[in-house]
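A.B. asks: Just dropping this structure here.
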Amino acid sequence: MQRIPHANRVITYTFDALAGLPVRAHVSTRHGGVSPEPWRSLNFSVLRGDTPERVRENRQRLAAALGLDAAAFVHCRQVHGTGIAKVDGSNAGQVMDGSDGLITDTPGLPLSLVFADCVPLLLYDPIHHALGVCHAGWRGTVNGAATATLWAMEAAYDTEPAQVQVGIGPSIGPQSYEVGPEVAALAALHLPDAAAALDYANGADANPFFDLWRANAQLFAAAGVPADRIEIAGIDTAQNTTDFFSHRAERGRCGLFSMVAWLED
């Protein structure tokens, strides 16, 4: 990914693979906002104690950095599920209930999700000029939020997996994400190759470390997305709290960063 400083001190990251394509996606950092500690400073959540006024100002600042209208952003009321909402211009400014993903073929409509260790997923179909974004924590990952987004695009836009460009954004990394036996059991049940996504570095009797990046890449590959069309950012939020919020590393005392994506004309 490429790190981009903006004129108003907002800093974002964007996927290298999108260069030259008529689609934009930016993952925000915690820089350039107005929120105090522990949400310093570009926080997009009011559910962790920050004020609505500061969060609104942060949204305005991110929108200004990206040349967008904050009032047009489409959001999700995320539930760690696999629900995907199809949206168009009539949904501008709305919050889609019970969804963790959004798909659209409407140019200029900004799709926005929030994160603090969970995985930002982006899908772009260059043939049908369609876009999907998804929020995948461990629940969303093992339950197939990645493929749910892909299938929704197939149903809505005739998207062919072999043509899709995927971006897997900053999230908690494989060296930071120790999980319990219940998560490992679900991963073993649902993933194409759970052994490759679970690392028992501390011994077979210890809790494993879960590689959410590899797990989601597996799901996309199993659904027909070529490996060379899957970009993994490789940025561990738990080890990069200077740039990103991390629920685990900061023990819940943090804000949420955002991924905003839209189609160009």
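A.B. asks: Can you say whether Phe245 is over 30 Å from Leu47 (Cα atoms) and buried (at least 21 other Cβ atoms within 10 Å of the Cβ), as far as the supplied structure shows? Spell out how you get there, then give the answer.
C.D. replies: Values: over 30 Å from Leu47 (Cα atoms): no; buried (at least 21 other Cβ atoms within 10 Å of the Cβ): yes.
Answer is no for this residue.
A.B. asks: Further, regarding this structure: Could you tell me which numbered condition Thr51 fails, if it satisfies all but one of (1) over 30 Å from Ala156 (Cβ atoms); (2) of a type in the set (S, T, N, Q); (3) in contact (Cβ under 8 Å) with a residue 24 or more places away in the chain?
C.D. replies: Condition not satisfied by Thr51: (3).
A.B. asks: Can I ask one more? Based on this model, can you work out whether Arg61 counts as buried (at least 19 other Cβ atoms within 10 Å of the Cβ), of a type in the set (D, E, K, R) and without any contact (Cβ under 8 Å) to a residue 60 or more places away in the chain?
C.D. replies: For Arg61, the condition - buried (at least 19 other Cβ atoms within 10 Å of the Cβ), of a type in the set (D, E, K, R) and without any contact (Cβ under 8 Å) to a residue 60 or more places away in the chain - is met.
A.B. asks: Oh, and also: Test each condition in (1) closer than 25 Å to Leu102 by Cα; (2) outside any strand (DSSP E or B); (3) of a type in the set (Ser, Thr, Tyr) for Thr241 and report the one that comes out false.
C.D. replies: (1) is the only condition that Thr241 fails.
A.B. asks: Looking at region 190-213 only, could you name the residues that are out of contact with any Phe, Trp or Tyr (no Cβ under 8 Å at 6 or more places or on another chain), crowded, with 19+ Cβ neighbours inside 10 Å and either more than 17 Å from Gln175 (Cβ to Cβ) or of a type outside the set (Phe, Trp, Tyr) (or both)?
C.D. replies: Leu191, Ala194, listed by residue number.
A.B. asks: Can I ask one more? Report those strands (runs of 3 or more DSSP E) wholly inside region 1-68 carrying at least 1 residues which are farther than 30 Å from His128 by Cα and of a type in the set (Val, Ile, Thr).
C.D. replies: Strands (runs of 3 or more DSSP E) meeting the threshold: 11-14.
A.B. asks: Please pick out the residue among Glu250, Glu231 that is surrounded by fewer than 23 Cβ atoms within 10 Å (Cβ to Cβ), touching a residue at least 12 places away in the same chain (Cβ under 8 Å) and assigned to a strand (DSSP E or B).
C.D. replies: Among Glu250, Glu231, only Glu231 is surrounded by fewer than 23 Cβ atoms within 10 Å (Cβ to Cβ), touching a residue at least 12 places away in the same chain (Cβ under 8 Å) and assigned to a strand (DSSP E or B).
A.B. asks: So which residues in region 90-134 are in contact (Cβ under 8 Å) with a residue 12 or more places away in the chain, out of contact with any helix residue (DSSP H, G or I) (no Cβ under 9 Å at 6 or more places or on another chain) and not aliphatic (A, V, I, L, M)?
C.D. replies: Filtering region 90-134 for residues in contact (Cβ under 8 Å) with a residue 12 or more places away in the chain gives 91-134.
Add one more test, that the residue is out of contact with any helix residue (DSSP H, G or I) (no Cβ under 9 Å at 6 or more places or on another chain), and what stays is 91, 94-99, 107, 111, 113-114, 120.
Answer for region 90-134, where residues must be in contact (Cβ under 8 Å) with a residue 12 or more places away in the chain, out of contact with any helix residue (DSSP H, G or I) (no Cβ under 9 Å at 6 or more places or on another chain) and not aliphatic (A, V, I, L, M): Asn91, Gln94, Asp97, Gly98, Ser99, Pro107, Pro120.
A.B. asks: Further question on the same structure: Quickly run through region 90-124 and pick out the residues that are under 22 Å from Ala162 (Cα atoms) and in contact with a Phe, Trp or Tyr (Cβ under 6 Å, 6 or more places away or on another chain).
C.D. replies: Result: Asp105, single match.
Where a number appears in this text, it was derived from the coordinates with a stated rule and is not lab data. This structure is a prediction, so every number in the text was calculated from the model and none was measured. Please note: Cβ atoms are built from the backbone with ideal geometry, for glycine as well, and neighbour counts cover all protein chains shown.
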